[in-house]
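Below: one structure, written as structure tokens.
The values are calculated or read from the model by the stated rules, or taken from the named source; none is laboratory data. Keep in mind that what you see is a predicted model, and the values were worked out from it rather than measured. Cβ atoms come from the backbone with ideal geometry, glycine included; neighbour counts cover every protein chain shown. Ligands, DNA and RNA are excluded from the accessible area calculation, which covers all protein heavy atoms including side chains. Shrake-Rupley method; radii C 1.70, N 1.55, O 1.52, S 1.80 Å.
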Amino acid sequence: MLTLDEDQTLLMDSARAGVAQASPVSEYRRLREPQGEGFSRRFWATCGEMGWSGVLVDEAHGGSGFGVLGAGLLAREMARTLTLSPFLSTAVLAAAALGAGGSPAQRQEWLPRIAAAEAIVAFAHEDTPGGWPTMAHLESPDFRLEGEKSFVLDGHVADALIVSARTDNGPYLVLVDPKANGVSRQTRILVDGRRVATYRFEGVEVDEFAFLPGGALALERTLDVARAVLAASACGVAEEAFRRTLEYLKERRQFDRRIGSFQALQHRAGLAHIAVENAWSATLVALQALDSGANSAAFDVAVAKSKASRAAQEVTAECLQMHGGVGMTDAFDVGLYLKRARVDATLFGDAAFHADRVATMLGY
Amino acid sequence: MAIDAHEIRNWLEAECPVEMRAATRGDEDVCWGGRRWAFQSPAQKLWFERCLARGFTVPTWPREYGGAGLSRDEADVLYAEMRRIGARPPLTSFGISMLGPALLAFGTPAQKAEHLPRIALGQIRWCQGYSEPGAGSDLASLATRAEDKGDHFLVNGQKIWTSYADKADWIFCLVRTNRDAKKQLGISFVLIDMATPGVSTRPIVLISGKSPFCETFFDDVAVPKGNLVGKLDRGWDVAKYLLTHEREMIAGGGSNLFDSHALDKAAAQVRPKDPILRAKIAEAAVDTYAFDATRRRYSDEVARGGELGARSALLKYDGAELNKRRHELAMSLAGADGLYFDGNREPGVAEGWLRSKGNSIEGGTSEVMLDIVAKRLLDLPAD
């Protein structure tokens, strides 16, 4: 059934109320400023209290175990108010990686702290274009990590890193202490105010217990979970920008009538509504498929990330246009949604990247 | 009564002829039924009869009317098993997809008893008389009139875009019964036997070369009062209910038998070398899967007690526009070979492309659908 059950509806409703209260857009405006950490430690603590940071952590490790659909619902609600928090890096990426590929000891060490929002664990995957690909090679008895990673979400405040690295036995995820010798980083600010880090690893010593035994499968699973949750986030951004735009269309008067009465705008609003509806449907399919372990999950995720990314970009751009001149001002929120949509759409593969994967999986 | 997926699977394996497990290539493969119906193959006849015996021509209708009395969930099990082996529908008709649901909701017991079993049994083929030369998108301005003559109505006027009127046995029609009322409030919904004196049809040749539509003329046609469905002058309520079903059907690509994933299959065979064409097909695939997900989601929400309502306009708009887009791409994929139109080639690509242009016109134009989405779903103001 492509519907939410009672528990999921309850989670969504309580998240909507909680996020609106603890993390309104005014809070986003404060946190995006270049001074400061770019997120609220108080809100992150709230995530721990509410069980949100433990959404992908099983109950044995102190989590709430709501699963990937639960994570998607939370990301969608947080996106509605442009929330800046370590939810994606830590509660989604790190928890998914450890859950799918971690050893019992690694899980025991990190999952309870993630569930309690007592640690920030960043996921370093994107190799810097033109930079060094990240490799871990054996120099007995330990390994050495070399390379560069970009777009490490919350990498500027991470207590631990999970780094994807090539090895002689294929790709692996490896836990790295950001304070270890040979690790250096630079903080960058993205167009939506989000902080990421660029990391450089030069001869960083890692022992065999730092590797997540799950290997390449754990990496793929983690990427798919992140893509689906980002698709849900993109849906939340587009839905909220559109909801606010509809209100504006019903208020704003020109030529002695409400502008929402003009057919040119009504039809464009209709198309935007159809785009957000389809984006959410595709995303719901992907989130459910990841929870149920369906064979189609990778395909469903590619469809969802492609559709939601394109819809979020197009719909937020339409929303800005429908606001007219005030849409271009920083004082109106609609431009903030446009920027956030672009970031959610681009991270972990944009619309074109995933449409290309869809075509390949369909055999052309 | 619970339906057993395992039992259904075995039954289908044993009873569905192999010839009936291939995709329909066109109208010539569809079992329509009707007074003048001749089965197109022994397998088609066998499959129809076997389904009929179990009420599977209309699985969700009550048993007393020839159905199997299945709930929606149970019917979904049956449909899923049928899809699994690619089984064709045993019987297709506007009686099943359009009139039947309207009669179940609005018909008198006598009307249900008279018409529903004959639809289920494939004995009567129905067509729909809505549009007129002067009433297209503005359907409520229709002018075909039915005068009260005591025991019957006298019907005069003309309908257009009547699908398969030349092959149909009966027509369900919107007629004006009150010229003084506001236009939506003077319309009634009547059933007319096409064999009644004064009814005539003329096929319309389309750009595809085919003639699925007709003009239908009514010249002093006497219609018994008992053929009025719903209340006098309130036929618009029945029509709106029925349009919802028509829009769902068109949204499903059901009106022109195009498999929404046929483009992907063709692309996998041809493997387009042009990266721009490949990208466009890939985007259409993404949009098709996302749209399929929306249809499933709405259907699941309705099954859990919601109402589809004006969302049928959203589905109709998007389904029609997507279908047109896929057919344009199918033509591009076929390249110059897609241009042959002389019978010496595999049929389908050009005809399908030309036929698809009607998707965003029939059953309410795309522009009317967007009006409905804006006003009914988004609550945008009229002024």
Given the structure, is A:Ala352 part of a helix (DSSP H, G or I), facing chain B (nearest Cβ under 9 Å), over 20 Å from the mean Cα position of the chain (by Cα) and more than 28 Å from A:Val55 (Cα to Cα)? no
Tell me which residues, restricted to segment A:188-203, are more than 19 Å from A:Thr134 (Cβ to Cβ) and touching a helix residue (DSSP H, G or I) at 6+ places or on another chain (Cβ under 9 Å). A:Leu190, A:Val191, A:Asp192, A:Gly193, A:Arg194, A:Arg195
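Give the residue, chosen from A:Lys307, A:Lys250, that is facing chain B (nearest Cβ under 8 Å) and within 22 Å of A:Asp192 (Cα to Cα).
Unique residue meeting the criteria: A:Lys307.
Here is a yes/no grid of residues against (1) crowded, with 17+ Cβ neighbours inside 10 Å; (2) modelled with pLDDT of 95 or more; (3) touching a strand residue (DSSP E or B) at 6+ places or on another chain (Cβ under 7 Å):
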{"position": "B:Ile124", "(1), (2), (3)": "yes, yes, yes"}
{"position": "B:Glu132", "(1), (2), (3)": "yes, yes, yes"}
{"position": "B:Lys159", "(1), (2), (3)": "yes, yes, yes"}
{"position": "B:Phe172", "(1), (2), (3)": "yes, yes, yes"}
{"position": "B:Thr177", "(1), (2), (3)": "yes, yes, yes"}
{"position": "B:Lys183", "(1), (2), (3)": "no, no, no"}
{"position": "B:Asp193", "(1), (2), (3)": "no, yes, yes"}
Give the residues of segment B:273-311 that are facing another protein chain (nearest Cβ under 9 Å) and among the charged types (D, E, K, R), sorted by residue number. B:Arg278, B:Glu283, B:Asp287, B:Asp292, B:Arg295, B:Arg296, B:Arg297, B:Asp300, B:Glu301, B:Arg304, B:Arg311
In segment A:295-321, what residues are farther than 24 Å from A:Phe353 by Cβ and touching a Lys or Arg at 6+ places or on another chain (Cβ under 7 Å)? none
Which ones in segment A:264-278 are facing chain B (nearest Cβ under 7 Å) and either within 18 Å of the chain's Cα centre (by Cα) or open to solvent by less than 10 Å² (accessible area, probe 1.4 Å) (or both)? A:Gln266, A:Ala269, A:Gly270, A:Ile274, A:Asn278
Answer from A:Ser306, A:Ser281 - the residue that is open to solvent by less than 10 Å² (accessible area, probe 1.4 Å), in contact with a helix residue (DSSP H, G or I) (Cβ under 8 Å, 6 or more places away or on another chain), free of Cβ contacts under 8 Å to residues at least 60 places away in the same chain and within 22 Å of A:Glu240 (Cα to Cα): A:Ser306
Report, ordered by the first and then the second residue, all pairs with beta carbons closer than 9 Å, sequence separation of six or more or different chains, a first member in segment B:122-148 that is under 15 Å from B:Ser93 (Cα atoms) and in a loop (DSSP other than H, G, I, E, B), and a second member that is among the acidic types (Asp, Glu) and open to solvent by less than 40 Å² (accessible area, probe 1.4 Å). B:Gln123/B:Asp169; B:Ile124/B:Asp169; B:Arg125/B:Asp169
Quick check on segment A:172-183. Is at least one of its residues in a helix (DSSP H, G or I), away from every other protein chain (no Cβ under 14 Å) and charged (D, E, K, R)? no
Pairs with Cβ under 7 Å, 6+ apart, first in segment B:276-297 and more than 10 Å from A:Ala355 (Cβ to Cβ) and in contact (Cβ under 8 Å) with a residue 24 or more places away in the chain, second assigned to a helix (DSSP H, G or I) and of a type in the set (Ser, Thr, Tyr): B:Leu277/B:Ser332; B:Thr294/A:Ser281
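Just the residues that are assigned to a helix (DSSP H, G or I) and under 21 Å from B:Leu232 (Cα atoms), please, taken from segment B:160-196.
Initial filter on segment B:160-196 (assigned to a helix (DSSP H, G or I)): B:165-167, B:183-186.
Residues satisfying the conditions are B:Lys183, B:Gln184, B:Leu185, B:Gly186.
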Pull up segment B:252-272, narrow it to residues that are open to solvent by less than 20 Å² (accessible area, probe 1.4 Å) and more than 7 Å from chain A (Cβ to nearest Cβ), then point me to the one that is modelled with the highest pLDDT. B:Leu263
Subset of segment B:337-381 that is open to solvent by 80 Å² or more (accessible area, probe 1.4 Å) and either small (Gly, Ala, Ser) or within 14 Å of another protein chain (Cβ to nearest Cβ) (or both) - its residue that is nearest to A:Arg244 (Cα to Cα): B:Asp379
Quick one: how many residues across segment B:289-310 are open to solvent by 40 Å² or more (accessible area, probe 1.4 Å), charged (D, E, K, R) and part of a helix (DSSP H, G or I)? 3
Please verify whether A:Ser261 is within 14 Å of chain B (Cβ to nearest Cβ) and not acidic (Asp, Glu), treating the condition exactly as stated. yes
Please pick out the residue among B:Asp27, B:Asp73 that is in contact with a helix residue (DSSP H, G or I) (Cβ under 9 Å, 6 or more places away or on another chain) and modelled with pLDDT under 95. B:Asp73
Checking A:Glu208, A:Glu239 in turn, the sole residue that is within 14 Å of another protein chain (Cβ to nearest Cβ) and in contact (Cβ under 8 Å) with a residue 60 or more places away in the chain turns out to be A:Glu239
